[in-house]
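Q: Please read through the structure below; I'll follow up with questions.
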Amino acid sequence: MNAKLGTRSLILALSFGGLLSACGSATDQSSVQSPGAPVGSASQAATAPSASAGGVEHHGREGRLFRRFDRDGDGKVLLADLPEELRDRLKAADTNGDGALTKEEVQTARAQRRAERQALMDTDGDGVVSDAERKAARDAFEQKLRERLDTNHDGVVSDEERGAARAKFGGRWKEKLDANHDGVVSDEEKKAAADAFRAKFLSKHDRNADGALTEDEVPPRVWEHIAPADANHDGKVDAAELATVPPPHRGFSH
């Protein structure tokens, strides 16, 4: 998932119209390596520093993780504080087994994963991933995806098979939203799920714990979407104002 899509998922999450898209998105944003670069190396984008609650400055991709989950600003993130899927993905990074992650541990783990992925693509073992090797890896991934969707194994992914895959994915989230397990997601259950997600969203991004979101606490595109809800024009969007944020319009693509 690229940065634009990551921001979009946050925006969609602010309304029930985008709730399923946001809940279903939890991917690792890997660094993009330029063709011909040595295996394991990656370009690094410049990111402005930000401080956590305790004043520790964090930069880049790891900075986003620590700004969100380093509650006391000691430069560590407790595994117990992470969402289950993220915790499962990062627990191997806790190399000293103390139940907490440092930025160095996260950076090391991600560098190792990048190197492993690049090594898999480097089929001729020359230490460089060529454009041809990169295309071959992409084609192999797409072929595996087609094979999973092609349930009747006729070599073609039909509209019915695509629909079945979407229904299967949607069904899992329907089960989560159907709190009384009657097989129907009522308006009340939709509202409860949306309210719960908004509350969680506010809690995660409200770095100074003042009960509201400000422009410096969320990505620019998210602020652009929620800023109109600032009814009292105090430069903040509190829980009540956040609840009025409408779904993004259909043409809102990022």
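Computed from the coordinates by the stated procedures, all read-outs in this text should not be read as laboratory data. This structure is a prediction, so every number in the text was calculated from the model and none was measured. Neighbour counts are summed over all protein chains in view; Cβ atoms, including those assigned to glycine, are modelled from backbone coordinates with ideal geometry.
Q: Treating only the Cβ atoms of Lys and Arg (+1) and Asp and Glu (-1) as charged, compute the dipole magnitude of the stretch 143-230 about its Cα centre; round to the nearest 20 debye.
A: Result for the stretch 143-230 is approximately 380 debye, rounded to the nearest 20.
Q: Quick one: order F69, F141 by neighbouring beta-carbon count within 10 Å, fewest to most. The partial results should precede the final answer.
A: Details: F69 18, F141 10.
Lowest count first: F141, F69.
Q: To continue, here is another question. L177: net charge of surrounding residues, Cβ under 9 Å, Lys/Arg +1, Asp/Glu -1, itself excluded?
A: 0
Q: Run the simple label-point estimate for D195 and A165 please: 7 Å along Cα→C-beta, distance reported in nm.
A: For the pair D195/A165, the computed spacing is 3.7 nm.
Q: Short version: ³J(HN,Hα) in whole Hz for each residue of the stretch 67-72, in order, from phi by Karplus 6.51 cos²θ - 1.76 cosθ + 1.60 (θ = phi - 60°), x for Gly and Pro, what are they?
A: Karplus values, whole Hz, x for Gly and Pro: 5, 7, 10, 7, 5, 9.
Q: For the pairs K103/K200; K174/K236; K91/K176, flag any whose C-alpha to C-alpha distance is greater than 27 Å.
A: Violating the 27 Å limit, Cα to Cα: K174/K236.
Q: Net charge within 12 Å of L149 by Cβ-Cβ distance, Lys/Arg positive one each and Asp/Glu negative one each, not counting L149 itself?
A: Taking every other residue near L149 into account, the sum is -1.
Q: Which net charge results when you count Lys and Arg as +1 and Asp and Glu as -1 among the other residues whose beta-carbon is under 11 Å from that of L242?
A: -3
Q: Something else now. Can you list residues whose amide H is under 5 Å from G73's amide H, if they're 5+ apart or on another chain and H is modeled 1.01 Å from N?
A: Counting only residues 5 or more places away or on other chains, the set is A53, G54.
Q: Let me ask another. With r defined as the distance between the Cβ atoms of H205 and T95 and R0 fixed at 35 Å, what FRET efficiency is calculated, to the nearest 0.05? Mind showing how you got there, number by number?
A: Working: r = 29 Å, r/R0 = 0.83.
Computed FRET efficiency for H205 and T95: 0.75.
Q: Continuing with the same structure: At 0.36 nm per residue, minus the direct Cα-Cα distance, what do D81 and D124 gain on full extension? Give it in nm, one decimal, please.
A: Gain on extension, D81 to D124, equals 11.3 nm.
Q: Under the 0.36 nm per residue contour assumption, what length would be gained going from the current alpha-carbon distance of K176 and D154 to full extension? List each step's numbers first, then the result.
A: Numbers: separation 22, 0.36 × 22 = 7.92 nm, distance 3.34 nm.
So the extension gain works out to 4.6 nm.
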